[in-house]
Amino acid sequence: MESIYSFLKPIDFVVVVIYLIVLIGIGYWVSFVKKRDEDENLFLAGKTLGWSSIGLTMWGTNVGPSMLIASASIGYTTGIVAGNFGWYAFVFILLLSLVFAPRYLGANVQTLPEFMGKRFGQSTRSILAWYTLATILISWLALTLFAGGILVGQILDLPLWISVIILVVIAGFFTIAGGLKAIAYTNVFQMILLIGVSLVLTVVGLVKAGGPMAVFENTPGNYWNLLLPMDNESYPWLAIVLGYPVMGVWFWCTDQSMVQSVLGAKNLKQGQLGANFTGWLKILDVALFIIPGITCFVLFPNLADPDEAYMTMVTRLLPSGMIGMVMAVLIAALVSTIDSALNSLSTVFTMDIYVKKFRPDASQKEIVNIGRIVTVLGAAIAVVLAVGIDSIKGLNLFDVFQAILGFIAPPMSVVFLFGVLWKKTSRKAANFILSVGTIISLGTGVMYLWIFPNEDYDFWPHFLLLSFIIFVALSILITVISLADHKTEGQNTLDFGTLSKASPKVIALWAALVVVMVSLYILFNGH
(Lines give C-alpha, C1' and ligand atoms only; values in the text may rest on other atoms or scores of the structure.)
Protein backbone atom coordinates (compact mmCIF):
# COMPACT_ATOMS: atom_id res chain seq x y z
CA MET A 1 0.00 0.00 0.00
CA GLU A 2 1.22 3.52 -0.79
CA SER A 3 2.84 5.56 1.99
CA ILE A 4 1.15 8.47 3.76
CA TYR A 5 3.75 10.81 2.24
CA SER A 6 2.69 9.91 -1.32
CA PHE A 7 -0.81 11.30 -0.71
CA LEU A 8 0.38 14.73 0.42
CA LYS A 9 0.36 17.68 -1.97
CA PRO A 10 2.53 20.85 -1.91
CA ILE A 11 -0.48 22.84 -0.64
CA ASP A 12 -0.50 20.69 2.54
CA PHE A 13 3.11 21.59 3.37
CA VAL A 14 2.41 25.26 2.54
CA VAL A 15 -0.52 25.24 5.01
CA VAL A 16 1.71 23.69 7.71
CA VAL A 17 4.39 26.37 7.24
CA ILE A 18 1.82 29.22 7.22
CA TYR A 19 0.10 27.87 10.35
CA LEU A 20 3.39 27.64 12.26
CA ILE A 21 4.51 31.11 11.08
CA VAL A 22 1.19 32.59 12.26
CA LEU A 23 1.68 30.93 15.64
CA ILE A 24 5.17 32.41 15.91
CA GLY A 25 3.74 35.82 15.00
CA ILE A 26 1.10 35.53 17.73
CA GLY A 27 3.84 34.42 20.12
CA TYR A 28 5.91 37.51 19.30
CA TRP A 29 2.88 39.73 19.88
CA VAL A 30 2.09 38.05 23.20
CA SER A 31 5.72 38.20 24.34
CA PHE A 32 6.78 41.68 23.26
CA VAL A 33 3.76 43.77 22.23
CA LYS A 34 0.75 42.87 24.36
CA LYS A 35 0.87 44.49 27.79
CA ARG A 36 0.05 42.23 30.70
CA ASP A 37 -0.29 42.63 34.41
CA GLU A 38 2.82 41.48 36.24
CA ASP A 39 0.76 39.20 38.41
CA GLU A 40 -1.07 37.56 35.49
CA ASN A 41 -0.95 33.77 35.77
CA LEU A 42 -2.24 31.61 32.95
CA PHE A 43 -2.06 28.38 34.92
CA LEU A 44 -3.55 28.98 38.32
CA ALA A 45 -7.22 29.92 38.29
CA GLY A 46 -7.49 30.41 42.04
CA LYS A 47 -10.62 28.98 43.59
CA THR A 48 -12.85 30.17 40.78
CA LEU A 49 -13.59 27.18 38.51
CA GLY A 50 -17.15 25.99 37.96
CA TRP A 51 -18.25 22.46 37.06
CA SER A 52 -18.29 22.99 33.29
CA SER A 53 -14.76 24.43 33.18
CA ILE A 54 -13.46 21.62 35.39
CA GLY A 55 -15.09 18.89 33.29
CA LEU A 56 -13.92 20.29 29.95
CA THR A 57 -10.40 20.93 31.27
CA MET A 58 -10.01 17.40 32.65
CA TRP A 59 -11.34 15.82 29.46
CA GLY A 60 -9.35 18.16 27.24
CA THR A 61 -6.13 17.42 29.14
CA ASN A 62 -6.73 13.77 28.30
CA VAL A 63 -7.12 14.53 24.56
CA GLY A 64 -4.03 14.98 22.41
CA PRO A 65 -2.31 13.88 19.19
CA SER A 66 -0.76 10.84 20.88
CA MET A 67 -4.19 9.65 22.00
CA LEU A 68 -5.73 10.17 18.55
CA ILE A 69 -3.01 8.19 16.75
CA ALA A 70 -2.81 5.41 19.38
CA SER A 71 -6.60 4.99 19.74
CA ALA A 72 -7.11 4.69 15.97
CA SER A 73 -4.31 2.09 15.89
CA ILE A 74 -5.86 -0.14 18.57
CA GLY A 75 -9.34 0.33 17.08
CA TYR A 76 -7.98 -0.94 13.77
CA THR A 77 -6.48 -4.10 15.28
CA THR A 78 -8.87 -5.08 18.11
CA GLY A 79 -12.06 -2.99 17.98
CA ILE A 80 -13.64 -1.24 20.95
CA VAL A 81 -11.92 -3.22 23.73
CA ALA A 82 -9.63 -0.19 24.17
CA GLY A 83 -12.79 1.73 25.04
CA ASN A 84 -12.30 0.32 28.54
CA PHE A 85 -9.54 2.89 29.04
CA GLY A 86 -12.16 5.60 28.49
CA TRP A 87 -15.33 4.03 29.87
CA TYR A 88 -13.94 2.07 32.84
CA ALA A 89 -12.39 5.37 33.95
CA PHE A 90 -15.73 6.53 35.38
CA VAL A 91 -15.11 4.32 38.46
CA PHE A 92 -11.90 6.19 39.29
CA ILE A 93 -13.27 9.61 38.44
CA LEU A 94 -16.05 8.70 40.93
CA LEU A 95 -13.34 7.80 43.44
CA LEU A 96 -11.72 11.21 42.86
CA SER A 97 -15.06 12.96 43.27
CA LEU A 98 -16.32 11.30 46.45
CA VAL A 99 -13.13 10.14 48.24
CA PHE A 100 -10.08 12.16 47.18
CA ALA A 101 -11.56 15.58 46.30
CA PRO A 102 -13.13 16.20 49.77
CA ARG A 103 -9.75 15.48 51.36
CA TYR A 104 -7.70 17.50 48.86
CA LEU A 105 -9.97 20.53 49.15
CA GLY A 106 -10.40 20.05 52.91
CA ALA A 107 -6.62 20.12 53.34
CA ASN A 108 -6.52 23.38 51.31
CA VAL A 109 -3.52 22.37 49.19
CA GLN A 110 -2.49 23.71 45.79
CA THR A 111 -0.46 20.70 44.62
CA LEU A 112 -0.43 16.97 45.37
CA PRO A 113 3.27 16.97 46.44
CA GLU A 114 2.21 19.58 49.02
CA PHE A 115 -0.54 17.19 50.15
CA MET A 116 1.99 14.36 50.53
CA GLY A 117 4.36 16.72 52.35
CA LYS A 118 1.68 17.48 54.93
CA ARG A 119 0.75 13.81 55.21
CA PHE A 120 4.22 12.29 55.55
CA GLY A 121 6.76 15.13 55.83
CA GLN A 122 9.30 16.89 53.63
CA SER A 123 11.39 13.78 53.00
CA THR A 124 8.42 12.20 51.21
CA ARG A 125 7.87 15.37 49.23
CA SER A 126 11.54 15.29 48.12
CA ILE A 127 11.34 11.65 47.01
CA LEU A 128 8.10 12.49 45.21
CA ALA A 129 10.00 15.17 43.26
CA TRP A 130 12.40 12.52 41.91
CA TYR A 131 9.46 10.24 41.12
CA THR A 132 7.83 13.14 39.30
CA LEU A 133 11.01 13.72 37.24
CA ALA A 134 10.99 10.07 36.12
CA THR A 135 7.27 10.26 35.32
CA ILE A 136 7.67 13.44 33.24
CA LEU A 137 10.66 12.03 31.35
CA ILE A 138 9.00 8.71 30.53
CA SER A 139 5.22 9.11 30.41
CA TRP A 140 5.01 12.72 29.25
CA LEU A 141 8.15 13.50 27.24
CA ALA A 142 9.50 10.24 25.80
CA LEU A 143 6.08 8.79 24.89
CA THR A 144 4.98 12.07 23.26
CA LEU A 145 8.23 12.22 21.28
CA PHE A 146 7.74 8.59 20.25
CA ALA A 147 4.16 9.20 19.03
CA GLY A 148 5.22 12.49 17.43
CA GLY A 149 8.16 10.77 15.76
CA ILE A 150 5.78 8.24 14.24
CA LEU A 151 3.55 11.06 12.95
CA VAL A 152 6.42 13.14 11.48
CA GLY A 153 7.95 9.96 10.06
CA GLN A 154 4.68 9.17 8.27
CA ILE A 155 4.41 12.72 6.92
CA LEU A 156 8.02 13.05 5.72
CA ASP A 157 8.78 9.33 5.15
CA LEU A 158 11.75 9.40 7.55
CA PRO A 159 13.14 6.97 10.16
CA LEU A 160 11.88 7.55 13.70
CA TRP A 161 15.16 8.80 15.20
CA ILE A 162 15.43 11.60 12.60
CA SER A 163 11.73 12.46 13.09
CA VAL A 164 12.19 12.72 16.87
CA ILE A 165 15.19 15.04 16.49
CA ILE A 166 13.24 17.21 14.00
CA LEU A 167 10.40 17.47 16.53
CA VAL A 168 12.79 18.53 19.32
CA VAL A 169 14.41 21.11 17.01
CA ILE A 170 10.98 22.54 16.09
CA ALA A 171 10.08 22.72 19.79
CA GLY A 172 13.36 24.51 20.54
CA PHE A 173 12.83 26.95 17.68
CA PHE A 174 9.33 27.74 18.94
CA THR A 175 10.66 28.34 22.43
CA ILE A 176 13.25 30.84 21.16
CA ALA A 177 10.79 32.58 18.82
CA GLY A 178 8.07 32.92 21.44
CA GLY A 179 5.68 30.70 19.49
CA LEU A 180 4.95 28.56 22.51
CA LYS A 181 3.18 31.45 24.20
CA ALA A 182 0.90 31.51 21.18
CA ILE A 183 0.22 27.80 21.61
CA ALA A 184 -0.61 28.40 25.26
CA TYR A 185 -3.14 31.04 24.19
CA THR A 186 -4.59 28.83 21.44
CA ASN A 187 -4.57 25.47 23.26
CA VAL A 188 -8.35 25.42 23.79
CA PHE A 189 -8.94 26.26 20.12
CA GLN A 190 -6.54 23.51 19.04
CA MET A 191 -8.18 20.98 21.35
CA ILE A 192 -11.59 21.81 19.86
CA LEU A 193 -10.07 21.53 16.37
CA LEU A 194 -8.61 18.08 17.15
CA ILE A 195 -11.94 16.85 18.51
CA GLY A 196 -13.71 18.38 15.48
CA VAL A 197 -11.36 16.56 13.09
CA SER A 198 -12.09 13.27 14.89
CA LEU A 199 -15.83 13.91 14.60
CA VAL A 200 -15.48 14.66 10.87
CA LEU A 201 -13.39 11.50 10.34
CA THR A 202 -15.98 9.43 12.21
CA VAL A 203 -18.92 10.78 10.19
CA VAL A 204 -17.19 10.83 6.78
CA GLY A 205 -15.71 7.37 7.41
CA LEU A 206 -19.06 5.86 8.38
CA VAL A 207 -20.73 7.39 5.31
CA LYS A 208 -17.92 6.14 3.04
CA ALA A 209 -18.23 2.63 4.53
CA GLY A 210 -21.99 2.53 3.95
CA GLY A 211 -23.24 3.48 7.40
CA PRO A 212 -22.89 2.13 10.97
CA MET A 213 -24.57 -1.21 10.18
CA ALA A 214 -22.22 -1.80 7.24
CA VAL A 215 -19.23 -1.21 9.52
CA PHE A 216 -20.72 -3.55 12.13
CA GLU A 217 -21.39 -6.30 9.57
CA ASN A 218 -17.93 -6.06 7.96
CA THR A 219 -15.90 -6.41 11.16
CA PRO A 220 -15.35 -9.49 13.36
CA GLY A 221 -17.97 -9.87 16.11
CA ASN A 222 -15.38 -9.56 18.87
CA TYR A 223 -14.57 -6.03 17.63
CA TRP A 224 -17.73 -4.94 19.47
CA ASN A 225 -17.02 -6.57 22.84
CA LEU A 226 -15.56 -4.60 25.74
CA LEU A 227 -14.71 -7.77 27.66
CA LEU A 228 -12.83 -10.45 25.72
CA PRO A 229 -12.19 -14.13 26.66
CA MET A 230 -9.21 -15.09 28.79
CA ASP A 231 -7.50 -16.71 25.79
CA ASN A 232 -7.47 -13.39 23.90
CA GLU A 233 -3.87 -12.21 23.55
CA SER A 234 -4.66 -8.48 23.25
CA TYR A 235 -6.80 -7.63 26.27
CA PRO A 236 -8.33 -10.59 28.20
CA TRP A 237 -11.13 -9.45 30.50
CA LEU A 238 -9.29 -10.23 33.76
CA ALA A 239 -6.33 -8.05 32.73
CA ILE A 240 -8.72 -5.14 32.16
CA VAL A 241 -10.74 -5.69 35.34
CA LEU A 242 -7.70 -6.04 37.65
CA GLY A 243 -4.97 -4.13 35.84
CA TYR A 244 -6.63 -0.92 34.68
CA PRO A 245 -7.65 0.18 38.22
CA VAL A 246 -3.95 0.52 39.16
CA MET A 247 -3.47 2.93 36.29
CA GLY A 248 -6.89 4.52 36.84
CA VAL A 249 -6.16 5.51 40.45
CA TRP A 250 -2.76 6.94 39.50
CA PHE A 251 -3.98 8.90 36.47
CA TRP A 252 -7.35 10.20 37.67
CA CYS A 253 -6.74 10.59 41.40
CA THR A 254 -3.04 11.41 41.88
CA ASP A 255 -1.76 13.04 38.66
CA GLN A 256 -1.33 16.78 39.16
CA SER A 257 -2.30 17.69 35.58
CA MET A 258 -5.63 15.83 35.92
CA VAL A 259 -6.50 16.88 39.48
CA GLN A 260 -5.38 20.54 39.13
CA SER A 261 -8.75 21.80 37.90
CA VAL A 262 -10.57 20.11 40.81
CA LEU A 263 -8.15 21.79 43.24
CA GLY A 264 -9.15 25.11 41.63
CA ALA A 265 -12.90 24.54 42.14
CA LYS A 266 -15.06 27.27 43.72
CA ASN A 267 -16.17 24.70 46.29
CA LEU A 268 -16.40 20.95 46.80
CA LYS A 269 -19.79 20.65 45.08
CA GLN A 270 -18.50 22.32 41.90
CA GLY A 271 -15.43 20.07 41.96
CA GLN A 272 -17.58 16.94 42.30
CA LEU A 273 -19.99 18.07 39.58
CA GLY A 274 -17.03 18.86 37.32
CA ALA A 275 -15.57 15.38 37.83
CA ASN A 276 -18.99 13.91 37.06
CA PHE A 277 -19.18 15.96 33.85
CA THR A 278 -15.79 14.51 32.84
CA GLY A 279 -17.27 11.03 33.30
CA TRP A 280 -20.12 11.89 30.89
CA LEU A 281 -17.67 13.37 28.36
CA LYS A 282 -15.55 10.19 28.47
CA ILE A 283 -18.48 8.34 26.85
CA LEU A 284 -17.56 10.19 23.64
CA ASP A 285 -14.07 8.63 23.57
CA VAL A 286 -15.12 5.48 21.71
CA ALA A 287 -17.07 7.34 19.02
CA LEU A 288 -14.46 10.06 18.46
CA PHE A 289 -11.18 8.21 18.83
CA ILE A 290 -11.68 4.44 18.36
CA ILE A 291 -14.46 4.22 15.76
CA PRO A 292 -12.25 5.97 13.12
CA GLY A 293 -9.76 3.11 13.55
CA ILE A 294 -12.49 0.46 13.17
CA THR A 295 -13.85 2.26 10.11
CA CYS A 296 -10.32 2.37 8.68
CA PHE A 297 -10.20 -1.43 9.07
CA VAL A 298 -13.34 -1.70 6.89
CA LEU A 299 -12.18 0.81 4.26
CA PHE A 300 -8.47 -0.06 4.18
CA PRO A 301 -8.07 -3.60 5.54
CA ASN A 302 -4.52 -4.18 4.29
CA LEU A 303 -2.51 -1.56 6.16
CA ALA A 304 1.06 -2.74 6.73
CA ASP A 305 1.24 -0.74 9.97
CA PRO A 306 -1.89 -0.17 12.14
CA ASP A 307 -0.21 2.93 13.61
CA GLU A 308 -0.90 4.58 10.22
CA ALA A 309 -4.68 4.21 10.65
CA TYR A 310 -5.33 7.80 11.77
CA MET A 311 -3.25 9.52 9.08
CA THR A 312 -4.59 7.05 6.48
CA MET A 313 -8.12 8.25 7.26
CA VAL A 314 -6.97 11.89 7.16
CA THR A 315 -5.13 11.61 3.82
CA ARG A 316 -7.73 9.42 2.07
CA LEU A 317 -10.93 11.13 3.25
CA LEU A 318 -10.07 14.82 3.61
CA PRO A 319 -9.26 17.27 0.77
CA SER A 320 -5.79 18.71 0.19
CA GLY A 321 -5.25 21.83 2.23
CA MET A 322 -7.44 20.53 5.04
CA ILE A 323 -4.95 17.65 5.37
CA GLY A 324 -2.23 20.27 5.83
CA MET A 325 -4.29 22.02 8.50
CA VAL A 326 -4.73 18.76 10.42
CA MET A 327 -1.00 18.08 10.18
CA ALA A 328 -0.19 21.58 11.41
CA VAL A 329 -2.54 21.34 14.41
CA LEU A 330 -1.15 17.91 15.33
CA ILE A 331 2.46 19.15 15.14
CA ALA A 332 1.67 22.35 17.09
CA ALA A 333 -0.12 20.34 19.81
CA LEU A 334 2.83 17.92 20.02
CA VAL A 335 5.28 20.82 20.31
CA SER A 336 3.13 22.33 23.06
CA THR A 337 3.16 19.06 25.02
CA ILE A 338 6.92 18.63 24.58
CA ASP A 339 7.65 22.17 25.75
CA SER A 340 5.28 21.87 28.73
CA ALA A 341 7.03 18.65 29.72
CA LEU A 342 10.50 20.20 29.42
CA ASN A 343 9.35 23.25 31.38
CA SER A 344 7.88 21.04 34.14
CA LEU A 345 11.06 18.94 34.22
CA SER A 346 13.20 22.06 34.59
CA THR A 347 10.93 23.60 37.24
CA VAL A 348 10.68 20.46 39.39
CA PHE A 349 14.45 19.88 39.35
CA THR A 350 15.53 23.49 39.94
CA MET A 351 12.94 24.45 42.58
CA ASP A 352 12.15 21.15 44.36
CA ILE A 353 15.60 19.53 44.23
CA TYR A 354 18.46 21.94 43.35
CA VAL A 355 17.32 24.97 45.37
CA LYS A 356 15.77 23.03 48.28
CA LYS A 357 18.45 20.40 48.73
CA PHE A 358 21.72 21.74 47.29
CA ARG A 359 21.74 25.54 46.80
CA PRO A 360 19.09 27.33 48.91
CA ASP A 361 20.90 30.67 48.35
CA ALA A 362 21.23 30.28 44.55
CA SER A 363 20.85 33.50 42.57
CA GLN A 364 18.14 33.92 39.98
CA LYS A 365 20.75 33.83 37.20
CA GLU A 366 22.15 30.54 38.52
CA ILE A 367 18.65 29.04 38.74
CA VAL A 368 17.91 30.06 35.13
CA ASN A 369 21.21 28.56 33.92
CA ILE A 370 20.58 25.29 35.76
CA GLY A 371 17.07 25.23 34.29
CA ARG A 372 18.48 25.56 30.76
CA ILE A 373 21.02 22.79 31.34
CA VAL A 374 18.29 20.49 32.69
CA THR A 375 16.08 21.31 29.69
CA VAL A 376 18.83 20.34 27.21
CA LEU A 377 19.77 17.19 29.14
CA GLY A 378 16.10 16.25 29.53
CA ALA A 379 15.52 16.63 25.79
CA ALA A 380 18.59 14.48 25.02
CA ILE A 381 17.55 11.74 27.46
CA ALA A 382 13.98 11.80 26.10
CA VAL A 383 15.27 11.36 22.51
CA VAL A 384 17.27 8.30 23.61
CA LEU A 385 14.23 6.92 25.50
CA ALA A 386 11.95 7.50 22.49
CA VAL A 387 14.33 5.60 20.21
CA GLY A 388 14.55 2.87 22.87
CA ILE A 389 10.75 2.63 23.00
CA ASP A 390 10.79 2.10 19.24
CA SER A 391 12.77 -1.12 19.80
CA ILE A 392 9.97 -2.71 21.87
CA LYS A 393 8.76 -5.84 20.09
CA GLY A 394 5.25 -7.18 19.62
CA LEU A 395 3.25 -4.14 20.79
CA ASN A 396 1.49 -1.45 18.76
CA LEU A 397 1.52 2.22 19.77
CA PHE A 398 -1.50 1.98 22.09
CA ASP A 399 -0.14 -1.13 23.83
CA VAL A 400 3.25 0.54 24.30
CA PHE A 401 1.59 3.52 25.98
CA GLN A 402 -0.50 1.38 28.33
CA ALA A 403 2.34 -1.01 29.17
CA ILE A 404 4.75 1.78 30.12
CA LEU A 405 2.11 3.65 32.14
CA GLY A 406 1.19 0.35 33.80
CA PHE A 407 4.74 0.06 35.18
CA ILE A 408 4.87 3.70 36.31
CA ALA A 409 1.52 3.67 38.16
CA PRO A 410 1.76 1.11 41.04
CA PRO A 411 3.99 3.01 43.53
CA MET A 412 1.98 6.25 43.36
CA SER A 413 -1.38 4.44 43.49
CA VAL A 414 -0.29 2.49 46.57
CA VAL A 415 1.11 5.50 48.46
CA PHE A 416 -1.92 7.73 47.79
CA LEU A 417 -4.54 5.05 48.50
CA PHE A 418 -2.93 4.00 51.76
CA GLY A 419 -1.90 7.54 52.71
CA VAL A 420 -5.44 8.85 52.29
CA LEU A 421 -7.47 5.86 53.51
CA TRP A 422 -5.29 4.32 56.27
CA LYS A 423 -4.11 6.52 59.13
CA LYS A 424 -1.44 4.04 60.23
CA THR A 425 0.51 4.37 56.98
CA SER A 426 3.95 5.61 58.06
CA ARG A 427 6.49 7.93 56.49
CA LYS A 428 9.09 5.18 56.32
CA ALA A 429 6.65 2.92 54.44
CA ALA A 430 5.62 5.67 52.00
CA ASN A 431 9.26 6.62 51.30
CA PHE A 432 10.20 2.96 50.75
CA ILE A 433 7.41 2.45 48.20
CA LEU A 434 8.18 5.71 46.35
CA SER A 435 11.90 4.88 46.13
CA VAL A 436 12.54 1.12 46.21
CA GLY A 437 9.02 0.33 45.00
CA THR A 438 9.53 2.55 41.96
CA ILE A 439 12.83 0.80 41.15
CA ILE A 440 11.08 -2.59 41.44
CA SER A 441 8.17 -1.49 39.25
CA LEU A 442 10.23 0.22 36.54
CA GLY A 443 12.84 -2.54 36.68
CA THR A 444 10.13 -5.13 36.01
CA GLY A 445 8.99 -3.00 33.08
CA VAL A 446 12.50 -2.92 31.61
CA MET A 447 12.71 -6.71 31.94
CA TYR A 448 9.27 -7.18 30.32
CA LEU A 449 9.74 -4.72 27.44
CA TRP A 450 13.44 -5.00 26.57
CA ILE A 451 15.62 -7.59 28.33
CA PHE A 452 13.23 -10.56 28.21
CA PRO A 453 10.57 -9.21 25.82
CA ASN A 454 7.15 -10.80 26.04
CA GLU A 455 7.23 -11.57 22.32
CA ASP A 456 10.19 -13.92 22.81
CA TYR A 457 9.50 -15.25 26.32
CA ASP A 458 6.06 -16.69 27.04
CA PHE A 459 6.32 -16.91 30.85
CA TRP A 460 5.07 -13.34 31.33
CA PRO A 461 1.44 -12.59 32.25
CA HIS A 462 -0.35 -9.76 30.43
CA PHE A 463 1.28 -6.40 31.22
CA LEU A 464 -1.88 -5.16 32.97
CA LEU A 465 -1.94 -8.27 35.18
CA LEU A 466 1.75 -7.68 35.88
CA SER A 467 0.92 -4.12 36.94
CA PHE A 468 -1.74 -5.51 39.30
CA ILE A 469 0.71 -8.07 40.77
CA ILE A 470 3.23 -5.30 41.46
CA PHE A 471 0.45 -3.21 43.05
CA VAL A 472 -0.52 -6.09 45.38
CA ALA A 473 3.12 -6.75 46.32
CA LEU A 474 3.73 -3.07 47.12
CA SER A 475 0.46 -2.93 49.09
CA ILE A 476 1.64 -5.83 51.25
CA LEU A 477 5.02 -4.13 51.75
CA ILE A 478 3.52 -0.77 52.78
CA THR A 479 1.24 -2.55 55.26
CA VAL A 480 4.02 -4.62 56.83
CA ILE A 481 6.47 -1.70 57.08
CA SER A 482 3.80 0.61 58.56
CA LEU A 483 2.78 -1.95 61.20
CA ALA A 484 6.44 -2.54 62.12
CA ASP A 485 7.21 1.20 62.30
CA HIS A 486 6.22 2.55 65.71
CA LYS A 487 7.60 6.07 65.12
CA THR A 488 4.53 7.57 63.47
CA GLU A 489 3.75 10.34 65.95
CA GLY A 490 3.92 13.87 64.60
CA GLN A 491 4.27 12.78 60.98
CA ASN A 492 0.76 13.64 59.83
CA THR A 493 -0.05 17.37 59.84
CA LEU A 494 -3.01 17.08 57.49
CA ASP A 495 -6.26 18.63 58.62
CA PHE A 496 -9.22 17.86 56.38
CA GLY A 497 -11.60 19.83 58.57
CA THR A 498 -15.09 18.37 58.61
CA LEU A 499 -15.51 16.21 55.53
CA SER A 500 -18.64 17.31 53.70
CA LYS A 501 -21.10 14.78 52.33
CA ALA A 502 -21.92 14.86 48.65
CA SER A 503 -25.08 16.82 47.81
CA PRO A 504 -28.21 15.01 46.57
CA LYS A 505 -27.61 16.47 43.09
CA VAL A 506 -24.07 15.05 42.97
CA ILE A 507 -25.29 11.63 44.16
CA ALA A 508 -28.15 11.61 41.62
CA LEU A 509 -25.87 12.50 38.69
CA TRP A 510 -23.33 9.86 39.65
CA ALA A 511 -26.10 7.27 40.03
CA ALA A 512 -27.37 8.17 36.53
CA LEU A 513 -23.87 7.86 35.08
CA VAL A 514 -23.38 4.45 36.73
CA VAL A 515 -26.66 3.23 35.18
CA VAL A 516 -25.61 4.48 31.72
CA MET A 517 -22.13 2.94 31.93
CA VAL A 518 -23.43 -0.44 33.12
CA SER A 519 -25.92 -0.35 30.23
CA LEU A 520 -23.12 0.34 27.74
CA TYR A 521 -21.12 -2.60 29.10
CA ILE A 522 -24.16 -4.85 28.68
CA LEU A 523 -24.80 -3.52 25.16
CA PHE A 524 -21.20 -3.96 23.98
CA ASN A 525 -20.68 -7.56 25.01
CA GLY A 526 -21.76 -10.96 23.75
CA HIS A 527 -21.22 -10.24 20.04
| request: Please verify whether the stretch 475-482 includes one or more residues that are touching a residue at least 60 places away in the same chain (Cβ under 8 Å), open to solvent by 60 Å² or more (accessible area, probe 1.4 Å) and small (Gly, Ala, Ser). | output: no
| Test result for Leu105, more than 18 Å from Gly248 (Cα to Cα), of a type outside the set (D, E, K, R) and touching a strand residue (DSSP E or B) at 6+ places or on another chain (Cβ under 8 Å) | yes
| task | Identify all residues within the stretch 112-125 that are open to solvent by 30 Å² or more (accessible area, probe 1.4 Å) and either more than 19 Å from the chain's Cα centre (by Cα) or of a type in the set (Val, Ile, Thr) (or both); write none if there are none. | result | Glu114, Lys118, Gln122, Ser123, Arg125
| note | Of those in the stretch 58-103 that are surrounded by fewer than 23 Cβ atoms within 10 Å (Cβ to Cβ) and among the hydroxyl-bearing types (Ser, Thr, Tyr), the residue farthest from Leu513 (Cα to Cα) is Thr77
| task | Might you let me know whether the stretch 65-74 holds any residue that is under 30 Å from Asn232 (Cβ atoms), at pLDDT below 90, of a type in the set (Ser, Thr, Tyr) and under 15 Å from the mean Cα position of the chain (by Cα)? | result | yes
| query | Considering the stretch 361-391 alone, what residues qualify as being within 20 Å of Gly153 (Cβ to Cβ) and in a helix (DSSP H, G or I)? | reply | Ala379, Ala380, Ala382, Val383, Val384, Leu385, Ala386, Val387, Gly388, Ile389
| Among the residues of the stretch 341-360, is there at least one that is outside any helix (DSSP H, G or I), open to solvent by 40 Å² or more (accessible area, probe 1.4 Å), farther than 30 Å from Val203 by Cβ and touching an Asp or Glu at 6+ places or on another chain (Cβ under 8 Å)? | yes
| Which residue, of Leu513, Leu494, is modelled with pLDDT of 85 or more and touching a helix residue (DSSP H, G or I) at 6+ places or on another chain (Cβ under 7 Å)? | Leu513
| request: Being farther than 18 Å from Phe92 by Cβ and hydrophobic (A, V, I, L, M, F, W, C) is the filter; apply it to the stretch 408-430 and report the residue that is surrounded by the fewest Cβ atoms within 10 Å (Cβ to Cβ). | output: Trp422
| Given the conditions (1) assigned to a helix (DSSP H, G or I); (2) surrounded by 16 or more Cβ atoms within 10 Å (Cβ to Cβ), which single one is not true for Leu303? | (1)
| If a residue has to be over 28 Å from Asn84 (Cα atoms) and open to solvent by less than 20 Å² (accessible area, probe 1.4 Å) to count, how many in the stretch 378-402 make the cut? | 3
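One line per residue, one yes/no per condition, for (1) in contact with a Gly (Cβ under 9 Å, 6 or more places away or on another chain); (2) over 30 Å from His486 (Cα atoms):
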{"residue": "Ser344", "(1), (2)": "no, yes"}
{"residue": "Asn369", "(1), (2)": "no, yes"}
{"residue": "Arg372", "(1), (2)": "no, yes"}
{"residue": "Ser391", "(1), (2)": "no, yes"}
{"residue": "Phe416", "(1), (2)": "no, no"}
{"residue": "Ala430", "(1), (2)": "yes, no"}
{"residue": "Gly437", "(1), (2)": "no, no"}
| task | Would you mind stating whether Trp140 is of a type in the set (Phe, Trp, Tyr), open to solvent by 40 Å² or more (accessible area, probe 1.4 Å) and under 15 Å from the mean Cα position of the chain (by Cα)? | result | yes
| task | Read through the list (1) crowded, with 21+ Cβ neighbours inside 10 Å; (2) within 18 Å of the chain's Cα centre (by Cα); (3) within 19 Å of Met258 (Cβ to Cβ), then give the number of the only condition that Ile150 fails. | result | (3)
| query | Looking at the stretch 431-453, which of its residues are surrounded by 20 or more Cβ atoms within 10 Å (Cβ to Cβ) and either touching a residue at least 40 places away in the same chain (Cβ under 8 Å) or of a type in the set (Asp, Glu) (or both)? | reply | Asn431, Phe432, Ile433, Leu434, Gly437, Thr438, Gly445, Tyr448, Leu449
| query | Given the conditions (1) open to solvent by 10 Å² or more (accessible area, probe 1.4 Å); (2) assigned to a helix (DSSP H, G or I), which single one is not true for Ser467? | reply | (1)
| query | in contact with a Ser or Thr (Cβ under 6 Å, 6 or more places away or on another chain) and either among the charged types (D, E, K, R) or not in a helix (DSSP H, G or I) (or both) - does that describe any residue in the stretch 82-96? | reply | no
| note | Sole miss for Leu263 among (1) modelled with pLDDT under 95; (2) open to solvent by 10 Å² or more (accessible area, probe 1.4 Å) is condition (2)
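The values are calculated or read from the model by the stated rules, or taken from the named source; none is laboratory data. Being a predicted model, the structure only gives us computed values, none of them experimental. Backbone-built Cβ (ideal geometry, glycine too); neighbour counts: all protein chains shown. For the accessible areas, the whole protein counts, side chains as well, though only heavy atoms, and no ligand, DNA or RNA atoms are used. Shrake-Rupley method; radii C 1.70, N 1.55, O 1.52, S 1.80 Å.
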